[in-house]
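Note sheet for the following structure.
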Amino acid sequence: MDLGQLRRGAVAYCILALLRGGERYGWELASVLHDAGLIAGEGTLYPLLARLREMGWVDTEWKPSPHGPPRRYYRLTVAGVQALAAFIERWGRFRDAVDQILRGSEDA
Amino acid sequence: MTSLDRIEALVAEYLAALDAALTDVPAARRRQILEDVRQHLEAARASLPPDDEAGIRAVLDRLGDPAAIAAEAGVGFSRRPRWVDAAVPWLLLLGGFVGGGGWLVGAALLWTSRVWRLRDKIWGTLVWPGGLFGVGVAFGTVVGGVQTCSGSTVAGHPLVMHCTSRPGWSEPVGIAVLVGIFCAQLVTVGHLERVRRGAAR
């Protein structure tokens, strides 16, 4: 079975989690998620970022870069912090429930 | 062709393919994705030797197929038509005959619809305001011309009026232009209808 929908939902929150430590630009986020095997192509990060911005969970700022033209940095908004906190709680319960059933426990 | 030229060509080709793949994505989202990918490539190039063609190929490979990016960009966005969208081409074409209000309703529905892209909306509005009714009014002005009158009264003498009539443009040119606009109007409405049917599938 394809994990497409499940993965897409989870990756959006992984992006929020990566931004907890401070603002980052797209290239950094793309390589972290790609190396972790969470996105197939680095390019698919950018539609996700666009959607997170439309939802108001991240916003962006142009900053000068040491070499080359200015870069767009992404950072968490207050709404993004809240959405991430709510997801972490729901995800914990969801993961435990799935794990329990996958292990074949009868008293689930 | 130097390797620098080849790198430029590879990057330009990738961005053009992505731009084409994102055609159906709403304009703001499309612009942001293209900007980010362009920046991604600039950052990657800044980290590589300027003539590292194999390096750039690897970067493009990691970015992935433009179609995959476009597929991701389309999620959560529906282009499914509303039932009123079916009326839009007709309102734009003939709505002007309903006291002018029909065309305005058509234009308002056109701009609030998700079926048509920005360029369709601009095109649909500008060619031709008022629809066929608007073309008819313009036609009347050209053929009928514009009549200007001037009169003077001098105390105790009758009023004298001088009227001159002149066509807005030279007539054959004006008629040719209007026939062109008439055809453009039909083509525009046909295009809007085709886009709508495509989205309805």
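The values are calculated or read from the model by the stated rules, or taken from the named source; none is laboratory data. Note that the structure is a prediction, hence the values are computed from the model and not measured. So basically every Cβ, Gly included, is an ideal-geometry build from the backbone, and we count neighbours across all protein chains shown.
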From the set of residues in the stretch B:38-50 that are in contact with a helix residue (DSSP H, G or I) (Cβ under 6 Å, 6 or more places away or on another chain) and in contact (Cβ under 8 Å) with a residue 12 or more places away in the chain, which is surrounded by the most Cβ atoms within 10 Å (Cβ to Cβ)? B:H40
For B:E53, work out the one condition from (1) touching a Gly at 6+ places or on another chain (Cβ under 8 Å); (2) in contact (Cβ under 8 Å) with a residue 24 or more places away in the chain it doesn't fulfil. (1)
Cβ-Cβ under 9 Å, sequence separation 6+ or interchain: first residue in the stretch B:97-114 and assigned by TED's automatic domain parsing to the domain that holds B:G130 and closer than 10 Å to B:V84 by Cβ, partner basic (K, R) and at pLDDT below 80. Which pairs? B:L109/B:R82; B:T112/B:R82; B:S113/B:R82
What's the number of the condition A:G68 fails, among (1) surrounded by 13 or more Cβ atoms within 10 Å (Cβ to Cβ); (2) at positive phi? (1)
If we ask which residues in the stretch B:25-36 are touching a residue at least 24 places away in the same chain (Cβ under 8 Å) and surrounded by 15 or more Cβ atoms within 10 Å (Cβ to Cβ), their number turns out to be 5
With the requirement that a residue be acidic (D, E) and within 30 Å of the chain's Cα centre (by Cα), what does the stretch B:9-45 give you? B:E13, B:D19, B:D24, B:E35, B:D36
Entirely in the stretch B:1-98, the helices (runs of 4 or more DSSP H) that have 1 or more residues that are of a type in the set (D, E) and within 14 Å of another protein chain (Cβ to nearest Cβ): B:3-21, B:27-46, B:53-63, B:66-74
Hey, does the stretch B:62-72 have a residue that's closer than 16 Å to B:G190 by Cβ and either outside the structural domain of B:V187 (by TED's automatic domain parsing) or crowded, with 16+ Cβ neighbours inside 10 Å (or both)? no
